[in-house]
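Novice: Before we start, here is the structure in question, set down as structure tokens.
Values quoted throughout were computed directly from the atomic coordinates according to the rules given, and no laboratory measurement underlies them. Only a predicted model underlies this, so the values are computations on that prediction, with no experimental measurement involved. We place every Cβ from the backbone using ideal geometry, glycine too, and count neighbours over all the protein chains shown.
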Amino acid sequence: MKKYWQIKPWLFIVVLLVLVISILFAFGNNNNSGSGVSYDMGISAPAPAMDVDSRSMLKSESAGNGAMTTSTTQATERMIIKNGNLSLVVDDVRKSSDDIIKYTEEKGGFLVSSNVSKEGIDLDGYITVRIPSSLLESTMAYIKEMGEVQNEHIDGQDITEEYTDLESKLGNLEATEQQFLQIMKKAVKVEDVLAVQRELGYVRENIEITKGRIKYLKESVDLSSLTVYLSTNPATLPVINEEDQWKPLAILKDALRSLLDTGKTIVNGIIWIGVYLPIITIVLFVAWLIRRRIRRNK
């Protein structure tokens, strides 16, 4: 019994390690949390089962109307999302960044994000803008005149099939909504009305989700994303082309950036541990008091 209650020194080390790992895990989650936009293309929640009367009414309505018709809008042309990337060396990073923003706004685009930083004597940064798709190539040509181009890349994504499927899905959902509205008018029992309202709520929720996705795709087709990396030192610029070639210098730059990120993470973790150190000390002190009390009782 004495061995069971006796707290050995290694137990303090285990407690300390658990606390440190918990702090680092919380720190990692805090860094990784973002505000990305996601769309759920499926039903967001399983629809609750309707009772026998509601199902009978739905079957009767379906039999009266026949097969559900869909209003699918046929795509007359391919829908392509085009995005561009540029990497170039300039004399003045801040001035080039301001010129890009001004040019973009004059062409009906807008700024998404911009960042300029200085490491040592080198000034570098990036800027992301949205520009009308028809002006993507001409905008890139204008920007390339600002300095020496290191890398450039344009990629396209065909979303014609997805867009057509979404329009078809939206037509089906809207037809289902009208069908439930007709059933609602014929419902007499309270439980039938509540069941139809639940089903109608799920349908309307998916209508809004589908409309949002359609709007997002349409805006992505109409406005291309263009990211420009600017620097006074070519060694600090990222490699953005996707050619299948072995490039030792590019690999070296990626490794150095990864090392820098790792160093930042370690330093940030040390800072977190330093902030939580008083709490860790208090916990260890309380554990020591408990251990001492148990020994006295024995």
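Novice: Lysine pairs in the stretch 69-245 with Cα distance under 21 Å, only those 8 or more apart or on different chains: how many are there?
Specialist: Total qualifying Lys-Lys pairs in the stretch 69-245 comes to 13.
Novice: Moving to a separate point now. What number comes out for the charge environment of residue 86, summing +1 per Lys or Arg and -1 per Asp or Glu over other residues with Cβ under 9 Å away?
Specialist: 0
Novice: May I ask you to sort 106, 119 by Cβ crowding, counting other Cβ atoms within 10 Å and putting the fewest first?
Specialist: 106, 119
Novice: Relative contact order for the stretch 69-245: what percent, with Cα pairs under 8 Å and sequence separation of 6 or more?
Specialist: Relative contact order for the stretch 69-245 comes out at 43 percent.
Novice: Can you sort 285, 180 from fewest to most other Cβ atoms within 10 Å of each residue's own Cβ?
Specialist: 285, 180
Novice: With no solvent and one point on each alpha carbon, what is the Debye value of log10 I(q)/I(0) for the stretch 69-245 at q = 0.16, 0.19 Å⁻¹?
Specialist: -0.93, -1.14
Novice: With each pseudo-label sitting 7 Å past Cα toward Cβ, what's the residue 137-residue 255 distance in nm, one decimal?
Specialist: That separation, rounded to one decimal, is 4.0 nm.
Novice: Moving to a separate point now. Rank the residues 190, 93, 228, 112 as a footprinting-exposure proxy: fewest other Cβ atoms within 10 Å of their Cβ go first.
Specialist: Lowest to highest Cβ neighbour count: 190, 112, 93, 228.
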